1. Filter the range 278-312 down to the residues that are within 25 Å of Thr364 (Cβ to Cβ) and over 34 Å from the mean Cα position of the chain (by Cα) and list them by number.
2. How about the range 300-315: which of its residues are open to solvent by less than 80 Å² (accessible area, probe 1.4 Å) and either among the basic types (Lys, Arg) or closer than 18 Å to Thr356 by Cα (or both)?
3. Which condition does Ile21 not pass, out of (1) closer than 13 Å to His87 by Cβ; (2) touching a Leu at 6+ places or on another chain (Cβ under 7 Å), if it passes all the others?
4. Mind checking which residues of the range 108-132 are farther than 19 Å from Glu432 by Cβ and either of a type in the set (Asp, Glu) or at pLDDT 95 or above (or both)?
5. Considering the range 259-288 alone, what residues qualify as being at pLDDT below 85, charged (D, E, K, R) and open to solvent by 20 Å² or more (accessible area, probe 1.4 Å)?
6. With the requirement that a residue be open to solvent by 90 Å² or more (accessible area, probe 1.4 Å) and acidic (Asp, Glu), what does the range 345-359 give you?
7. Taking Ile304 and the conditions (1) without any contact (Cβ under 8 Å) to a residue 24 or more places away in the chain; (2) on the phi < 0 side of the Ramachandran plot; (3) aliphatic (A, V, I, L, M), which numbered condition does it fall short on, given that it satisfies the others?
Amino acid sequence: METIAAISTAPGLGGIGIIRITGKEAFDILLKVFKSRKVKKIEDIVPNTIIYGKIYDNNRMVDEVLVSFFKSPNSYTKEDLVEINTHGGSIVMKEILNLVLTNGAMLAQPGEFTKRAFLNGRIDLTQVESIATILNAKSEEELKISGELLQGKLYNKVVDIKGRLMDILMHLEVNIDYPEYDTEEKDKEEVISTITMILEELKKFEATFDVGSKITEGIKVAIIGRPNAGKSSLLNNLLNKERAIVTEIEGTTRDSIEEDLNINGINIKIIDTAGIRETEEKVEKIGIERAIRLADKSDLVIAIFDMSKEFNENDRKIMEIIQKKESLILLNKYDLVEEKKVPEEIEKLAKECIFTSMLEKKGTEDVITWITKKTEGLKINKNNDIIIIHERQKKVITDVIEMIKQVLTDLELIPIDMVSENIRDVINKINELTGENVKEEVLNEIFKNFCLGK
C-alpha cells in the first residue's frame with residue numbers, strides 16, 4: 001500500500017494542527033522536510049517519542065513543530081506512522097501537507113487511516129463502526145455505548161458464539177470424515193440445546209437495536225398546537241436562544257424547525273411545527289399536514305393549548321392527534337386567566353398537564369423533567385449491556401437468527417450429521433459482523449462517513 005498523508009485536525013484556527021503520515025515510506029518522506037538535532041536519519045528514530053524540530057521548504061523554514069514517531073506494528077495503522085504537530089493555522093497546515101505530498105505521499109481518502117487499521121488486523125469492523133459513532137456522537141449515552149464497543153465487547157461476544165458453533169461443527173465433521181477415531185460424539189439433544197441458547201442470546205441483541213437506534217438518531221419530540229399557542233416560544237426557552245420567530249401574528253411558523261438538545265445525556269430532537277388550524281392558504285396547509293405527520297412519527301409529543309382562548313375545533317383536532325401518543329399537555333398563558341383549571345375536555349384525556357407561561361419562562365423546567373423521565377429507560381447501558389446501534393449489525397444478526405431457526409427446524413427432521421453445511425453458513429454470516437467476511441461495497445459505505453485524516 002502507498003504511503004498516505006492528511007490533515008487530522010478540524011478546519012479552522014487552533015492552538016495545534018496535526019498532519020498524519022502512514023506507510024512504508026513515512027519516515028523517509030518526513031526526513032526530507034523535517035530537520036532536527038536528534039533525528040537526522042531513520043536509524044536515529046526511537047519509537048513512541050516526540051522530537052522537536054523544524055519543517056523546511058528547501059532552505060525556507062515553514063514552522064517549528066513536534067513530531068511523534070510510531071514504528072510498525074505499534075501504531076494506529078500497524079504501519080510506520082508519524083504525526084507532525086504544527087501551529088493550528090489552516091495555511092501552515094496546508095503548506096506542510098503539500099510538502100509531504102510533493103515528497104512522495106498520496107493524499108489519504110476519508111477514513112483511510114482507520115481502514116488500514118482494520119485491513120491490517122488492529123481492529124475489527126464493529127470497532128470501526130464504533131469509531132465512526134464516537135466521531136459523530138451527539139450525547140453522552142451514545143459516546144458511552146460506542147466506547148464500550150470500541151473496547152471489543154460485541155466482538156468478544158461474537159467470538160464466543162462463533163466458538164460454540166465451531167465446536168459443534170468440528171465434532172460433526174470429525175465423526176463424518178473419520179468415524180474410526182474415538183472422538184466423543186455430541187448427541188442431537190446437546191446440539192439443539194446449545195444452538196437454542198445461542199438463538200436466545202442473539203434475539204436479545206437484536207431487541208436492543210430499538211433502544212440503540214433511538215440513542216444514536218435522537219428522541220424526536222414534536223411540539224404541536226394551534227397558531228400562537230406558544231410552540232415557538234417553548235422551543236426558544238428549551239434552547240435558551242431565539243431560534244424561532246415569535247410574533248403576535250398567527251401562522252408565523254410555516255415549516256418545521258428541528259434542533260438538537262442534550263437532556264440527561266440523551267440527544268433530543270425538538271421539532272417546532274406549524275400551527276394546526278383550518279386554512280385554505282396553500283403554503284400554510286402544507287406546513288400543517290407536515291406537522292400532523294411529524295407528530296404521528298415522533299417518539300414524544302408536547303401539545304400546547306392557549307388558556308386565554310376558547311376551546312375550539314382546532315384544539316379538538318390536536319386532542320385526536322395525541323390521544324394514542326406518549327404526550328404532555330401544556331396549558332399555556334395561565335397568567336392571562338383568572339382561574340388555573342384544566343378544561344373538562346382535556347381532563348378526559350387523562351394526560352399529564354402542566355400550567356405554563358412561555359412569556360414568563362415558567363414551566364420550561366417541568367417540560368425538561370418530563371422528557372428526562374420518559375427517556376430514562378433508554379439508559380439501559382448502566383447494566384453493562386451490549387447494545388446494537390448500527391443498522392448493518394442489526395441486519396446481520398437478524399439474518400443469523402433466521403438461519404439458526406432453520407437449523408433447529410432441520411435438526412427435528414433430518415439426521416444430525418446433515419446440518420453441518422448449514423452451521424458453516426451460519427458461521428460465515430456471523431463473520432460479516434466482525435469483517436472477516438465482508439464485501440468491498442459494505443466497507444466503502446462504512447468508511448465514506450469518516451472525515452479526512454481519521
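1. Within the range 278-312, Phe305, Asp306, Met307, Ser308, Lys309, Phe311 qualify.
2. Residues satisfying the conditions are Val301, Ile302, Ala303, Ile304, Phe305, Asp306, Met307, Ser308, Lys309, Phe311, Asp315.
3. (1)
4. Glu112
5. Within the range 259-288, Arg277, Glu278, Glu280, Glu281, Lys282, Lys285 qualify.
6. Selection gives Glu347 alone.
7. Every condition holds for Ile304 apart from (1).
To keep it simple, each residue is scored yes or no on (1) among the charged types (D, E, K, R); (2) closer than 30 Å to Ile4 by Cα.
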{"position": "Thr409", "(1), (2)": "no, no"}
{"position": "Met418", "(1), (2)": "no, no"}
{"position": "Ile423", "(1), (2)": "no, no"}
{"position": "Asn428", "(1), (2)": "no, no"}
{"position": "Glu436", "(1), (2)": "yes, yes"}
{"position": "Glu440", "(1), (2)": "yes, yes"}
{"position": "Leu443", "(1), (2)": "no, yes"}
{"position": "Ile446", "(1), (2)": "no, yes"}
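The values are calculated or read from the model by the stated rules, or taken from the named source; none is laboratory data. Just so it is clear, the structure is predicted and the values come from calculations on it, not from any experiment. Positions of Cβ are backbone-derived with ideal geometry, glycine not excepted, and every protein chain shown enters the neighbour counts. We work out accessible area using only protein heavy atoms, side chains counted, and drop any ligands, DNA or RNA first. Shrake-Rupley method; radii C 1.70, N 1.55, O 1.52, S 1.80 Å.
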